[in-house]
Amino acid sequence: MSALNKTLFRKTQGFFLAKVQKHVYQRRVLYVMDRDLSLPDPVIPQGKNSPMWEDEQNKFTMPLATHENIDGMAAHFPPSKLKILHNRVDDPAIDFTFAPKEDGSCWGYLMHAIAPYYEKLYNYTVDPGKSGVYQFDGWVNPHDRGRLVAILGIIFMFNRRRQEGYRRIRVIVWANDTRSLRLHKRFGFQEVQRLLYTRLGPFRWTRALPGPTVD
């Protein structure tokens with residue numbers, strides 16, 4: 001085999017191995033991160049420094065989502081995701097909040113589980129602990145990204161949880177998701193545990209890695 005053919009063979013082999021790893025086998029690290037609600041929230045830019053108008057910030061609210069809200073987002077999600085969202089609207093263990101706009105569209109949504117929650121994606125039950133809440137599956141309308149929507153939504157929900165007596169928020173972040181890690185660290189989230197997620201075809205499992213944990 002010539003040097004050129006060997007190079008092409010290695011590249012082809014690498015391509016197919018990457019495809020197999022993506023669709024058949026995955027092994028990734030997850031960070032479990034907690035945030036004490038006694039910490040101060042980030043300061044939201046105001047005036048000319050803010051990408052969201054002041055009146056929009058003042059009117060920003062996040063009531064519980066309805067099935068009608070989910071139907072209104074049909075252009076943004078495939079039917080399989082819409083079905084999941086409809087099911088979560090009816091789940092009493094999930095505080096599924098929706099941020100409406102005056103024109104009938106939405107800024108985005110955010111979910112909190114107020115009890116131990118089974119994550120089907122990870123095949124793992126996330127327990128936020130005593131006086132804790134598990135925050136997951138947040139989404140920002142693509143038309144409004146870069147306008148502080150995620151920050152406003154998280155702060156809004158932090159305040160709601162404080163009023164209800166909760167003391168801690170827990171999240172799970174992929175170790176290679178630098179954007180999400182940066183956002184959560186900005187909010188004061190700190191790593192308390194690492195998990196190892198493995199997928200082999202249709203089978204998924206997640207286990208805790210050795211190290212300190214916070215109850």
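Applying the criterion of at least 3 residues that are farther than 28 Å from Val29 by Cα and either touching a Cys at 6+ places or on another chain (Cβ under 8 Å) or at pLDDT 95 or above (or both) to the helices (runs of 4 or more DSSP H) found wholly in segment 53-142 leaves 67-71, 79-89.
Taking segment 89-100 as the range and being within 11 Å of His112 (Cα to Cα) and under 15 Å from the mean Cα position of the chain (by Cα) as the test, the residues that pass are Ile94, Asp95, Phe96, Thr97. Taken together, the residues in segment 56-65 that are in contact (Cβ under 8 Å) with a residue 24 or more places away in the chain and exposed (fewer than 14 other Cβ atoms within 10 Å of the Cβ) amount to 4.
Among the candidates Val149, Val89, Val140, the residue that is in contact (Cβ under 8 Å) with a residue 24 or more places away in the chain, among the β-branched types (Val, Ile, Thr) and in contact with a His (Cβ under 8 Å, 6 or more places away or on another chain) is uniquely Val89.
Among the residues making up segment 60-72, those that are of a type outside the set (Asp, Glu) and over 18 Å from the mean Cα position of the chain (by Cα) are Phe60, Thr61, Pro63, Thr66, His67, Asn69, Gly72.
Taking the numbered list (1) on the phi > 0 side of the Ramachandran plot; (2) out of contact with any helix residue (DSSP H, G or I) (no Cβ under 6 Å at 6 or more places or on another chain) in turn, Pro100 passes all entries but (1). Comparison of Gly72, Gly108 shows that the only residue that is farther than 24 Å from Arg168 by Cβ and touching a residue at least 24 places away in the same chain (Cβ under 8 Å) is Gly72.
Give me the pairs: first residue in segment 25-43 and at pLDDT below 95, second residue surrounded by fewer than 14 Cβ atoms within 10 Å (Cβ to Cβ) and aromatic (Phe, Trp, Tyr), beta-carbon distance under 9 Å, and six or more apart or on different chains, which are they? Taking only residues 6 or more apart or on different chains, the pairs are Arg28/Trp174.
The values are calculated or read from the model by the stated rules, or taken from the named source; none is laboratory data. Not measured: the values here are computed from a predicted model. Cβ: placed from backbone, ideal geometry, glycine included. Neighbour counts: every protein chain shown.
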